[in-house]
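The values are calculated or read from the model by the stated rules, or taken from the named source; none is laboratory data. The model shown is predicted, which means the values in this text are computed figures rather than measured ones. Counting neighbours? That spans all protein chains shown, and the Cβs are built from the backbone with ideal geometry, glycine included. The area values use the complete protein model at the heavy-atom level, side chains included, leaving out ligands, DNA and RNA. Shrake-Rupley method; radii C 1.70, N 1.55, O 1.52, S 1.80 Å.
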Amino acid sequence: MDRKNNRNKWWSKKRNINIFTVIGLVLVAGIGFGYYQYGQLQPQHVFNNVPAIGTPQQTTNTTTSSANAVSTPPPRTTPGTFNMLLIGTDTRPGHKLGHSDSMILVHVDLNTHQYNLLSIPRDARVKFAPYGYTKLTSVQYMDEAKYGTKKGIIDTVKEISQLTGVPINYYAETDYWGLQDMVNVIGGIQINLPFKVTLTHAWYSQDEGKTFSKGPHFLNGRLTTEIVHERYSVPGTDYGRQRLQESALVGIAKELVKPKNISKVPQELKTLPKYLIATNLTKADMMSIFFGAKGDFHPNSQIHYHQVKGKGAFVYNGVLQAKDDEIILQPGQLKNAAKKYLEG
């Protein structure tokens, strides 16, 4: 029985990892490839002419007619800097479709070692042709159902680029189900909860109703997954959940850079493609991020987290063809936040 359990645990580590572990894996992805490439993989060289998946001028799917789209060259960025969109979906095992449950746009500056994160509200009300107005989280689901996984995420990237007014150079999509495995691999994480959390819609029945006080907690993978999923019992509902996700991200980053866990990364790196549902990062990109961050990565002082808050409203959803709760943002609100936090 023990041998069978050990085999099951081994296979469980092969499942997808969560959005909050992607940054940590990318940071250490160069370990297994040798340091002889160090010079060539410096961020100033690799991230000198980065791609642009979406720009306000080039976005055509959800808010702009392709006939009227203007094709312009992507704007130049400072070498060693780029914007990356991290998406965590609620895809369940055995299902191919999922909603964009978490969306975090990160401006990475490997020259100054600063990482500015902007959470994009999943329930933000957007215009989505041909359905009319709906939640941002539905864009990926509907386009994946109609066009496939790759088109779904690319359209989501383009939509967020238009909403924020900044080009998005890279993206990485994961789901929640691998979070517990990754946290377990590194032996758990220390997470500093910003407020009391009660699990009101737990993934696991034995966790329903559990309460965690404000402050530090050492959590295993299962409970970390439960915490970052909770929103109904926390202040601000989805805004509160965004803060829980930020706390988990910092906790994972701190744990991953410890020497005892860095030694575990090469094995995880071998199956990295299986962890990511979709990404346009190459191995060279990942190695360069590692070389750019290693030795000077301090999550508490270098990760800067930001939110945008809108007004809740019970309005008609064109996808559902019924009313539901959505977040109404002011025109240009996301663009102003992106300009303030991601460009400056």
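Residues checked against (1) of a type in the set (Lys, Arg); (2) in a helix (DSSP H, G or I); (3) at pLDDT 90 or above; (4) closer than 28 Å to Lys339 by Cα:
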residue	(1), (2), (3), (4)
Glu159	no, yes, yes, yes
Tyr171	no, no, yes, yes
Thr174	no, no, no, yes
Asp181	no, yes, no, no
Ile191	no, no, yes, no
Gly236	no, no, no, yes
Arg241	yes, yes, no, yes
Gln245	no, yes, no, yes
Val250	no, yes, no, yes
Considering only residues that are modelled with pLDDT of 70 or more and either surrounded by fewer than 23 Cβ atoms within 10 Å (Cβ to Cβ) or not aliphatic (A, V, I, L, M) (or both), which ones fall in segment 87-96? Gly88, Thr89, Asp90
Within the bounds of segment 194-214, is there any residue that is among the basic types (Lys, Arg), in a helix (DSSP H, G or I) and out of contact with any Asp or Glu (no Cβ under 6 Å at 6 or more places or on another chain)? no
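Conditions tested, residue by residue: (1) surrounded by 19 or more Cβ atoms within 10 Å (Cβ to Cβ); (2) acidic (Asp, Glu); (3) modelled with pLDDT of 90 or more.
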site	(1), (2), (3)
Ala284	no, no, no
Phe290	yes, no, no
Val308	yes, no, yes
Leu320	no, no, yes
Asp324	no, yes, yes
Ile327	yes, no, yes
Lys335	no, no, yes
Ala338	yes, no, yes
Glu343	no, yes, no
Looking only at segment 138-185, count every residue that is out of contact with any Ser or Thr (no Cβ under 7 Å at 6 or more places or on another chain) and polar (S, T, N, Q) and tell me the total. 6
With the first residue restricted to segment 188-208 and required to be free of Cβ contacts under 8 Å to residues at least 24 places away in the same chain and open to solvent by less than 40 Å² (accessible area, probe 1.4 Å), and the second required to be part of a loop (DSSP other than H, G, I, E, B) and not polar (S, T, N, Q), Cβ contacts under 7 Å at 6 or more apart or on different chains are Asp207/Leu199
Among the residues that make up segment 171-181, is at least one of them in contact with a helix residue (DSSP H, G or I) (Cβ under 7 Å, 6 or more places away or on another chain), open to solvent by 10 Å² or more (accessible area, probe 1.4 Å), hydrophobic (A, V, I, L, M, F, W, C) and closer than 28 Å to Phe82 by Cβ? no
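Here is a yes/no grid of residues against (1) touching a residue at least 12 places away in the same chain (Cβ under 8 Å); (2) touching a helix residue (DSSP H, G or I) at 6+ places or on another chain (Cβ under 8 Å):
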| position | (1), (2) |
| --- | --- |
| Asp296 | yes, no |
| Asn300 | yes, yes |
| Tyr316 | yes, no |
| Gln321 | no, no |
| Glu326 | yes, no |
| Leu329 | yes, no |
| Lys335 | yes, yes |
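For every residue, the table says whether it meets (1) more than 20 Å from Pro121 (Cβ to Cβ); (2) within 18 Å of the chain's Cα centre (by Cα); (3) not hydrophobic (A, V, I, L, M, F, W, C).
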| position | (1), (2), (3) |
| --- | --- |
| Met142 | no, no, no |
| Thr156 | no, yes, yes |
| Val166 | no, yes, no |
| Trp177 | yes, yes, no |
| Asp181 | yes, yes, yes |
| Ile186 | yes, no, no |
| Tyr204 | yes, no, yes |
| Thr224 | yes, yes, yes |
| Tyr239 | no, yes, yes |
